[in-house]
Amino acid sequence: MSEYIPQSDAMTPEPSSHSLPITSFNPGEKIDYEYFLDCVHCGLCTQACPTYVMTGNENDSPRGRIYLMRAVTDGRVDLNKNVRRHLELCLDCRSCETACPSGVQYGRLIEPFRLEMEKEIDTASKTSDWFHKYILFGLFPYPKRLRKALGLARIAQTLKLDTLMMATGLWKLLPSRLGRMATLLPRLRKADGKLEHVMPAIGKRRARVALFTGCVQSEVFAQTNYATAHVLQQNGCDVIIPEGQGCCGAIHYHTGSEEPAVEMAAANLAAFARDDIDAIIINVAGCGSMLKDYAHLWHDDETAQARNAFAAKVKDVHEFLDELGFIAPKAPLDVKVTYHDACHLAHAQKVTQQPRNIIRQIPGVELVDLPESDMCCGAAGTYNLTETEMADQLSQRKLGNIRETGASIVLTANSGCLMQIDRERRVQDESVRVMHPMDLIYCAYTHKSPYDYC
Amino acid sequence: MHGSADLESTLPVALIHELQQIIGVDGVLTAHSDRMVYECDGFTIEKSCPDVVVFPTTTDQIAAVIQACNRFETPFLPRGAGTSLAGGTLPIGGGVMLVLTRMTNIEEINLRDRYAVVQPGVVNIRLTQALAGTGYHYAPDPSSQGACTIGGNVATNSGGPHTLKYGVTVNHVLGVEAVSSEGEVFRLGGPNADPAGLDLAGVMVGSEGTLAVVTRVWVRLTRNPEGVRTMLGVFDSVDDATNAISAIIGAGIIPAALEMVDHDIMVALEEAFQFGFPLDAEAILIIEVDGIEAGLDAQRDQIIDICEEAGAREVQQAENEQHRQQLWKARKQAFGAIGRLASSLVTQDGVVPRTQIPQMYQKIMEIGEKYDIRIVNVFHAGDGNIHPVMLFDERDPSQIERVLAAGGEILQACLDAGGSVTGEHGIGVEKIQFMKQMFSENDLDVMASLRSAFNPNNRLSPDKMLPTAGACGVERHAPSKMVAQ
Amino acid sequence: MQSLQPGTVEELAGLVEQAYEQSVPMYPLGGQTALHYGLPAKTDGWGISTEKLNRVIDFPVKDLTLTVETGITIQALADMLANEGLMLPLDVPQQSQATLGGVIATNCNGPRRFGYGTVRDYVIGIQAVNGKGQLFHGGGRVVKNVAGYDFCKLLTGSMGTLGIISQATVKLKPVPEEAVTVAVSLDDGATVENCIAMLMESPTVPVAVELLYGARWSEYAGDPNRRYTLAVQLAGTESEITWGQQRLADDLKACGAPGAFALSSEAHVALWQQIQEFPAAEHELTIQVKTVSSGAVPVIEKCTETDPQCTIQSDIGNGVVTVGFEEMPETGISGLVVSQLGPLATVYHGHVETLRCPAPEDLTLGTMWGQLSGPQWLHNRVKEQFDPRGLLNPGRFVYQ
Ligand SMILES: Cc1cc2nc3c(=O)[nH]c(=O)nc-3n(C[C@H](O)[C@H](O)[C@H](O)COP(=O)(O)OP(=O)(O)OC[C@H]3O[C@@H](n4cnc5c(N)ncnc54)[C@H](O)[C@@H]3O)c2cc1C
Ligand SMILES: Cc1cc2nc3c(=O)[nH]c(=O)nc-3n(C[C@H](O)[C@H](O)[C@H](O)COP(=O)(O)OP(=O)(O)OC[C@H]3O[C@@H](n4cnc5c(N)ncnc54)[C@H](O)[C@@H]3O)c2cc1C
Ligand code: SF4
Ligand code: SF4
């Protein structure tokens, strides 16, 4: 009988082959208990949670996860594999924080909790995992290596090998996560121009800003960075591209590799430590929220001042332009678009209206509402590589909603979302295009057809 | 045994096996850690862990589960989103919990005949969202509407700010499909508002899951009003505000909504939403009138006059739809926001005749003083539904005692005023002891007989709502933070 | 049949208990205006009248609620409310006789249900004596209340078979400043349907929408050559009504129904009085079809096809069609109800009831009440719990 009840730790003992020593380990110990007490168990956050909406299981909801983490911390339950599963399935999209009226800081519970949970996984097994070794640690932090790898991909794309892979399902034969990475890669295109160290304002100078170019962004989305710089210039900004900047460290931090993340942060703090800039501009939501989080993710006093100063200057490009007063392009574009809220913009940074305000000002652009616009598309950092099933369900739902709007372009301001939605539309052979708002605005300034840029 | 002590399940493995065959292994939770999150709902003072949790997706599955429970003589109960504030989803005595959150289809929307058919797990707001652009909406709008299910709304006969004018859930339910406590599927009512026979669908509404498990609901759709005016009345004293409430109703005006928030709650809301509330005021009224555009300005002016006569400092108007939405968001999230004021809170849900709000407010404050408990207030003032919130520190046992005593006295005062101990949250397990104060032995006896017509062996949600012998087996924890609407 | 008139609820309870002990059937009596409604009584018993139970218990005018004993007549109630500018907007025939208890027991609703709702929306508290003589209550005197089971709903429309209703608390509404009727004559079903669909969504929020057919209504018809008269009642303030009348006329025209006109205020009063009394009017046969709104036109067309001489009054926005036949149709009641209209009603989620017929003793459950909504077993079980000996209005309602 017992084989029918595999989940039960109550009626049948946990399988002895369980890979983790669970009894003495308590990842909640390092969490400020007050954060748990903020939760009044009202459940108002549940529908905001993509994983709960998909599974209907309270264990996969914010309220449930908080309850589980607290129960582990209190010693009421062990950190068994079920509890782990529910916590791993969290997208860390922070949609629940936006929904919670009590101001529960969910990110401050799940992130350290998972960090501890991940640390617990045998470090040896982690570094011997090809994904961690070659991709996370080997590729992401190094734009140059990334460029080489992508060069190969570009050749493959030129030869249409990628389309072939997709069409024949050959990618499934690759190691699973590598296969997915291959299919996630959007059409790689060369940028229209090169980013210079200093790019002067066009027209009357209104501000001087530094652009954070990121790691993946600078390679996969080189054109978007170029477009962003151009849009800033058009808005009267001197744009500086500081040297020595690199990966923001978010992916590492969120996959439980704190140390490299700290190193990357240090490099960025140094690169941007200059008084002559009004703002540090970032066009990728995920990196943006990480950069803003530099202020409180670490607790050492020495760097506190530098971290705070840095974080205070970080601005999402839309946030910045809306505040500055957007100078809209003159030439009309005649296109119907919709806008998907990247979690790390809407929920982590609370930037929702600014991109819309700006998009609406582009002449000839009709912006239509996207149902469930702030529900995660499934990208969520590396989530789409690790939790493929849930990620796919979410992106299917997202594409369905996009289809309903009748828009021909969906705009979103995060590299993960761009890739995830673009992959889904390729899988489903949907004609809708996916684009960063900066690329669209760039097209308007430069009289180009947006369809050539997405 | 329940709660933390529950490490061993007492259910027969054969039953679990059968449940897994009915629903699929994927839809059955047996691990203690998985079931534990279902040990309480929005009411956290009492806890009881189900022995198994199942996620049916069809009516037939529910029927099969219930038949199995009957064969194994195991109690069972339905649960929606678990936002009950009365412990309605507490599985007393353990048993099987049917969680209906995977039944989320809106099956039909018929605008010509003004109804929709939904599965019980459809979240309230999703229906109104699905109706966007059609000119219709689903009227009952509990403050928890972003999370709670229509099945749960039916079970608790939910109200909301706008049910003052439009009526509570029962006024919007045309019919239900349900599974009886013995596992038989039946249907009461339907798209047509005049079914032949007894109004048993009406009886199902508000029965708190003790009569049958609702598996499908036919709801009425409501036309959006042509126009709306939303006002914010600012008062320097709560007495003036409550007098204005009773003057508005007394003048024969039924606004679409009439809500009161006192100073301390305003402070919390301001912190959460930066709405721009006048923090030096003692109370605000949120007043909304809707209907035919041609008549709205006159109604608004009349209300402004009444408020000013009652001593309002000023009456502001929502400038636009966005401003109005913000205002309602702030109002609906009021309770959550109070979480920012104190480490623990308990809310009551009493009702008094609506013109007696001023006296009731005085009484509440007296009781607060008597027990030395800080009380803040948010009222569905238009229908006399009060929500005094008692703030305290759960680490101090003497405070807990005083909070419980003060709460009891407030509800007794509601009864003395000819009111009720619950306007919308239900009896659940929380207020079961008040039933005897509100109802005679005959009343309760007849209620029990109605229940036994539907639920003869009392396996469906036992020991809820009616004070029967043996409502035990529940652990009473110290009241921790607890919200309400 | 012996008729007893208890003077207090305690006396009432005592009487019922006595009847229970002696197993005497009981027939609750209100104003006795609708005793023919339902299957006829076949056994002798006690008539228990609420005539003397007509006291006002509590009338907190400013709370807009009223608690009364149920023997009060609708007329007495209306007069009392009118003095305070209030109303209970249920349209009841023979108001000087009909009682509140009878209205609740029969769930009697009229044309204004379209805008104001039905009995179940107004009763917020109820007291009754069940078949064992137990006096019980449900609900309360406040407008919002979810404590305990909703006996108000259970007893509304229970036809005096679960308990004798002794007292009720109702919600009240302020009387609108003004009310007017906009009418228009129409000829074909398709145009009627267009107009109704429009009225369902009309921002003028009509209080009542009636479709009338037959010579009885000719004085209200704009054009006597057309088959139907559509009468729409608007209520509200002067400015709302002025606007609404114009808007309605325009919208009707857009639906293919030009020539809408407002009735004079005398004609307005007379028309709604006549509509209200229609179910009580003398006909050889009166039936009522209750479907969803979109079912009304097909049902009406079917009836006029069957007998062009029939008279029809329809709360068409709510899909309630009342038809009076001067002659028994050739098919007989069962042919009409079971074979012709029943299946059509079913298509539109409805059923057919017989309100008046020449030979009530021949009525069956099916021809009287139509298709029961909800399982028979559940109805029977509820009945057993409230009236274990089956003494209240035996044989008159849906139990088997
Ligand atoms: C912050 C907050 C604000 C609130 N505001 C309001 C408010 O304004 N107005 C209001 O009325 N309530 C309010 N509530 C209370 C609560 O949200 C409502 O009672 C709601 O209807 C419960 O829905 P649910 O889906 O969460 O049901 P649950 O909490 O899961 O269940 C509630 C009860 O319904 C039963 N039940 C659930 N589904 C079914 C079914 N399909 N068939 C039969 N029985 C079923 C359960 O057994 C239980 O007894 C609020 C709660 C919170 C936390
Ligand atoms: C379908 C329908 C047809 C109608 N036909 C007519 C008609 O032909 N003529 C007419 O004048 N009116 C008619 N009416 C309206 C009728 O006037 C109302 O229903 C009215 O309220 C009956 O009140 P009454 O006091 O006269 O009740 P009665 O005629 O005395 O009783 C009607 C039914 O209700 C029960 N009842 C009465 N009082 C109580 C009580 N206190 N508690 C429990 N049960 C009680 C009786 O046992 C009886 O079954 C009709 C109504 C409906 C819904
Ligand atoms: S996280 Fe916030 S919204 Fe969610 S249950 Fe806790 S208090 Fe409520
Ligand atoms: S972060 Fe996102 S996925 Fe995780 S609990 Fe919150 S809403 Fe759900």
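Calculate log10 I(q)/I(0) of the protein assembly as shown for q = 0.05, 0.06, 0.07 Å⁻¹, where I(q) comes from the Debye formula with a single equal point scatterer on each Cα and nothing for solvent.
-0.41, -0.59, -0.80
Just to check I understand the Karplus step: with θ = phi - 60° and J = 6.51 cos²θ - 1.76 cosθ + 1.60, what whole-Hz values come out for the range A:300-308, glycine and proline as x?
7, 6, 4, 8, 3, 4, 4, 5, 4
Residue A:330: which aspartates and glutamates have alpha carbons under 20 Å from its alpha carbon, excluding same-chain residues fewer than 8 sequence positions away?
Counting by Cα, and skipping residues close in sequence, residue A:330 has these aspartates and glutamates nearby: A:322, A:366, A:439, A:452.
So for chain B, averaging the separation of alpha carbon pairs under 8 Å that are six or more residues apart and normalising by length, what relative contact order in percent results? Working shown, then result.
On the way: 1064 pairs, mean separation 83.4, N = 485.
17 percent.
Taking the Cα atoms only, what angle lies between the long axis of helix C:265-277 and the longest principal axis of chain C, rounded to 10 degrees?
So the helix axis and the longest Cα principal axis differ by about 50 degrees.
Which lysines have a Cα less than 16 Å from the Cα of residue C:132, not counting those fewer than 8 places away in the same chain?
By straight Cα distance, residue C:132 reaches C:383.
Which net charge results when you count Lys and Arg as +1 and Asp and Glu as -1 among the other residues whose beta-carbon is under 14 Å from that of residue A:261? Please list the in-between numbers first.
On the way: positive: A:114, A:119, A:307; negative: A:111, A:118, A:258, A:259, A:263, A:293, A:300.
Summing Lys/Arg as +1 and Asp/Glu as -1 gives -4.
Going Cα to Cα from residue B:436, which lysines come in below 17 Å? Please leave out same-chain ones fewer than 8 positions away.
B:464
On a C-alpha basis, how far is the centre of the range C:27-59 from the centre of the range A:256-322 in Å? Whole number, if you could?
First find each Cα centre; the distance between them is then 81 Å.
What does the convex hull of the alpha-carbon atoms of the range B:342-425 project to on average, in nm²? Don't jump to the answer; show the numbers that get you there.
Details: hull surface 19.4 nm².
Value for the range B:342-425: 4.8 nm².
When you look at the Cβ of every residue in A:96-109, what mean number of other chain Cβ atoms sits within 10 Å?
Details: counts 0, 0, 0, 4, 4, 17, 11, 7, 2, 0, 0, 0, 0, 0.
Whole-number average of other-chain Cβ neighbours for A:96-109 is 3.
Quick one: if you stick a label point 7 Å off each Cα along the C-beta vector at residue B:134 and residue A:331, how many nm between them?
So the two model labels end up 4.4 nm from each other.
For the B and C pair, go ahead and give the buried accessible area with a 1.4 Å probe, both sides summed, in Å² to 100. Can you show the working numbers first?
Working: alone 19030 and 17480 Å², together 30240 Å².
Chains B and C together bury approximately 6300 Å².
Which value at 222 nm does the protein assembly as shown reach when only helices count, each DSSP H run of 4 or more adding -39,500 (n - 2.57), with the total divided by all residues and rounded to the nearest 500 deg cm²/dmol?
On the way: 52 runs with 497 residues, N = 1339.
After summing the helix terms and dividing by the residues of the protein assembly as shown, the value is -10500 deg cm²/dmol.
For peptide B:401-407, compute the average count of partner chain beta-carbon atoms within 10 Å of each residue's beta-carbon. Display every interim value, and only then the final one.
On the way: counts 0, 0, 0, 0, 0, 0, 0.
So the per-residue partner count for this stretch is 0.
In peptide B:354-362, what is the residue-averaged number of other protein chain Cβ atoms found within 10 Å of each Cβ?
Details: counts 8, 6, 4, 0, 0, 0, 0, 0, 0.
Mean shielding count: 2.
Take the solvent-accessible surface of the protein heavy atoms, probe 1.4 Å, and return the percent of it on the range C:281-369 that carbon and sulfur atoms account for.
Working: 1550 of 3140 Å².
Roughly 49 percent of what the probe reaches on the range C:281-369 is carbon or sulfur.
Grab the alpha carbons of chain B, take their convex hull, and tell me the volume per residue in Å³.
Values: hull volume 70.4 nm³, N = 485.
Convex hull volume per residue, Cα atoms: 145 Å³.
State the percentage of accessible surface on the range C:1-153 attributable to carbon and sulfur atoms; use a 1.4 Å probe and exclude ligands, DNA and RNA.
47
Work from the charge dipole of the range A:356-417 (Cβ charges, +1 for Lys and Arg, -1 for Asp and Glu, about the Cα centre) and give the residue of A:401, A:412, A:362 farthest towards its positive end.
A:362
How high is the relative contact order of the range B:225-329, in percent, counting Cα pairs under 8 Å that sit 6 or more residues apart? Numbers along the way, then the final one.
On the way: 165 pairs, mean separation 49.3, N = 105.
Reported as a whole number, the value is 47 percent.
Would you look at the GNM of chain C, springs on alpha carbons closer than 10 Å, and say which of C:101, C:332, C:342 moves the most?
Ranking C:101, C:332, C:342 by mean-square fluctuation puts C:332 first.
Which residue, chosen from C:36, C:72, C:228, occupies the Cα position most advanced towards the positive end of the dipole of chain C, where the dipole is computed from +1 (Lys, Arg) and -1 (Asp, Glu) charges on Cβ about the Cα centre?
Of the candidates, C:72 comes out farthest on the positive side.
Hey, could you pull the Cα Rg and Dmax for the range A:198-322, both in Å?
14.1, 46
Considering the dipole of the range B:134-239 built from charges on the beta carbon (Lys and Arg +1, Asp and Glu -1) around the Cα centre, which of B:210, B:168, B:180 is farthest to its positive end?
Looking along the dipole axis, the top candidate is B:168.
Might you report the magnitude of the Cβ-based charge dipole of the range B:166-216 about its Cα centre, with Lys and Arg at +1 and Asp and Glu at -1, to the nearest 20 debye? Please list the in-between numbers first.
Working: 2 positive and 6 negative charges, 27 e Å.
Roughly 120 debye, rounded to the nearest 20.
What whole-number distance in Å separates the alpha-carbon centres of the range B:265-285 and the range B:351-430?
That distance is 21 Å.
Using unit Cβ charges (K, R positive; D, E negative) and no other charged atoms, how large, in debye to the nearest 20, is the dipole of the protein assembly as shown about its Cα centre?
3860
Quick one: pull the percent of accessible area on the range B:41-181 belonging to carbon and sulfur, 1.4 Å probe, ligands and nucleic acids left out.
Numbers: 1530 of 3100 Å².
Whole-percent figure for carbon plus sulfur exposure: 49.
For the pair B and A, how large is the buried accessible area, both sides, in square angstrom to the nearest 100, if the probe is 1.4 Å?
Working: alone 19030 and 20250 Å², together 35600 Å².
Its buried surface, counting both partners, is about 3700 Å².
For the range B:138-242, give the share of DSSP beta bridges that are antiparallel, in percent and rounded to the nearest 5; count only bridges with both residues there. Before the final figure, lay out each step's value.
Working: 12 of 12 bridges.
About 100 percent, rounded to the nearest 5.
Counting only DSSP beta bridges with both residues in the protein assembly as shown, tell me the antiparallel percent, nearest 5. Let's see the in-between values first.
Values: 124 of 161 bridges.
Here the antiparallel bridges make up roughly 75 percent for the protein assembly as shown.
With no solvent and one point per C-alpha, what does the Debye sum give as log10 I(q)/I(0) for the range C:178-277 at q = 0.13, 0.22 Å⁻¹?
Each listed q corresponds, in turn, to -0.39, -1.18.
Say we join alpha carbon atoms closer than 10 Å with springs in a Gaussian network model of chain C; which of C:186, C:77, C:378 then has the biggest fluctuation?
Residue with maximal mean-square fluctuation among C:186, C:77, C:378: C:378.
Which GluC sites (Glu not before Pro) in the range C:305-345 pass both tests, a DSSP loop state and at most 16 other beta-carbon atoms within 10 Å?
Numbers: sites: C:305, C:326, C:327, C:330; in loops: C:326, C:327, C:330.
Taking the range C:305-345 and a limit of 16 other Cβ atoms within 10 Å, the loop GluC sites (Glu not before Pro) found are C:326, C:327, C:330.
Taking θ as phi - 60°, what are the ³J(HN,Hα) couplings along the range C:286-293 by the Karplus curve (6.51, -1.76, 1.60), each to the nearest whole Hz, with x for Gly and Pro?
Working through the residues one at a time gives 10, 10, 10, 10, 10, 10, 6, 4 Hz.
Tell me the Rg and the Dmax, in Å, that the Cα atoms of the range B:189-345 produce.
Radius of gyration, then largest Cα-Cα span, for the range B:189-345: 19.3, 57 Å.
Take the alpha-carbon positions of the range B:57-96, form their convex hull, and give its projected area averaged over all directions (one quarter of the hull surface) in nm². Intermediate values should be presented prior to the final figure.
Values: hull surface 12.5 nm².
Mean projected area for the range B:57-96: 3.1 nm², to one decimal.
With the contact rule set at Cα under 8 Å and sequence spacing of 6 or more, what percent relative contact order holds for the range B:110-199? Can you show the working numbers first?
Working: 104 pairs, mean separation 19.3, N = 90.
Across the range B:110-199, relative contact order equals 21 percent.
When the C-alpha atoms of chain C are aligned to their principal axes, what extent does each axis show, in angstrom, from largest down?
Over chain C, Cα extents along the principal axes are 65, 53, 33 Å.
Please compute the per residue accessible area over the range B:225-329 with all protein chains in place, 1.4 Å probe, rounded to a whole number of Å².
Numbers: 3860 Å² over 105 residues.
With all protein chains present, the range B:225-329 gives 37 Å² per residue.
Which value, in debye to the nearest 20, describes the size of the charge dipole of the range C:178-277 about its Cα centre when Lys and Arg Cβ atoms bear +1, Asp and Glu Cβ atoms bear -1, and nothing else is charged? It would help to have the intermediate numbers written out before the result.
Details: 5 positive and 14 negative charges, 38 e Å.
It works out to roughly 180 debye.
The values are calculated or read from the model by the stated rules, or taken from the named source; none is laboratory data. Here the structure is a predicted model, which is why all the values come from computation and not from measurement. When we count neighbours, we look across all protein chains shown, and the Cβ atoms used for this are built from the backbone with ideal geometry, even at glycine. Accessible surface is based on the protein model in full, side chains and every heavy atom, while ligands, DNA and RNA are left aside. Shrake-Rupley method; radii C 1.70, N 1.55, O 1.52, S 1.80 Å.
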